[in-house]
1. Once every DSSP H run of n ≥ 4 in the chain is given -39500 (n - 2.57) and the sum is divided by its residues, what mean residue ellipticity at 222 nm do you get, rounded to the nearest 500 deg cm²/dmol?
2. When you count, for each residue, the other Cβ atoms within 10 Å and take the mean per peptide, how do 171-181, 139-149, 88-98 rank with the highest first?
3. Over the chain, with a Gaussian network built from C-alpha contacts below 10 Å, which listed residue (159, 112, 36) shows the highest mean-square fluctuation?
4. Using only alpha-carbon positions, what ratio does the radius of gyration of segment 7-65 give when scaled by 2.2 N^0.38 Å?
5. Averaged over all directions, how much area does the convex hull of the C-alpha atoms of the chain cover when projected, in nm²?
6. Could I have the simple spin-label model distance between residue 194 and residue 34, label points 7 Å from Cα toward Cβ, reported in nm to one decimal?
7. Tell me, in nm to one decimal, what length is gained between residue 114 and residue 61 on full extension, where the rule is 0.36 nm per residue of separation less the Cα-Cα distance?
8. Pick out which of 51, 154, 107 has the largest mean-square fluctuation in a Gaussian network model of the chain, springs linking Cα atoms closer than 10 Å.
């Protein structure tokens, strides 16, 4: 990496949770997100500044705030999805958080009873469940689809589980590592609610 004044997206993790503002955060041109779950934050910094602070005793790790993408569209055979059904495990009383492109209120999740019990949008801040890509809804169906739309032909791994939909990826199925970390933090913070 050549040193320049070009701003790049970074995640900075500290060895200890900073109790007070430190001089490192003042070197960031824009803080995108505080990430207390990893004792850090996401922001933009020049490569010149990164080279200058990389050896700071306060810093555990500096990484690029890399793009992330939705993957594994065909997953049930990979996960040996027959196993839970063979053991009569259907997910009743369990909530699964799906951090993806969102989750649409598909009939396999909302009929006869609504099991899409929560939704949080870190991309567009919309209050109602939606999925402008389809991947997250597909994943939620693999996990907890009850087969309502197909009259029982296509059933998910845990068809009685509840779903907490979290949109951290955009309509193209992409986002940043820091967006996913924020979503994971939200799940941990609200685990007792769902």
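1. Helix-only estimate at 222 nm: -5500 deg cm²/dmol.
2. The densest-packed peptide leads the list: 139-149, 171-181, 88-98.
3. Looking only at 159, 112, 36, the largest GNM fluctuation is found for 112.
4. 0.97
5. Averaged projected hull area, Cα only: 13.2 nm².
6. 2.3
7. Roughly 14.9 nm would be gained on extension.
8. Most flexible of the set in this elastic network: 51.
No value in this document is a laboratory result; all are computed from the given coordinates. Everything numeric in this text was worked out from a predicted model, so none of it was measured. Here Cβ is always computed from backbone atoms with ideal geometry, including for glycine, and neighbour counts include all displayed protein chains.
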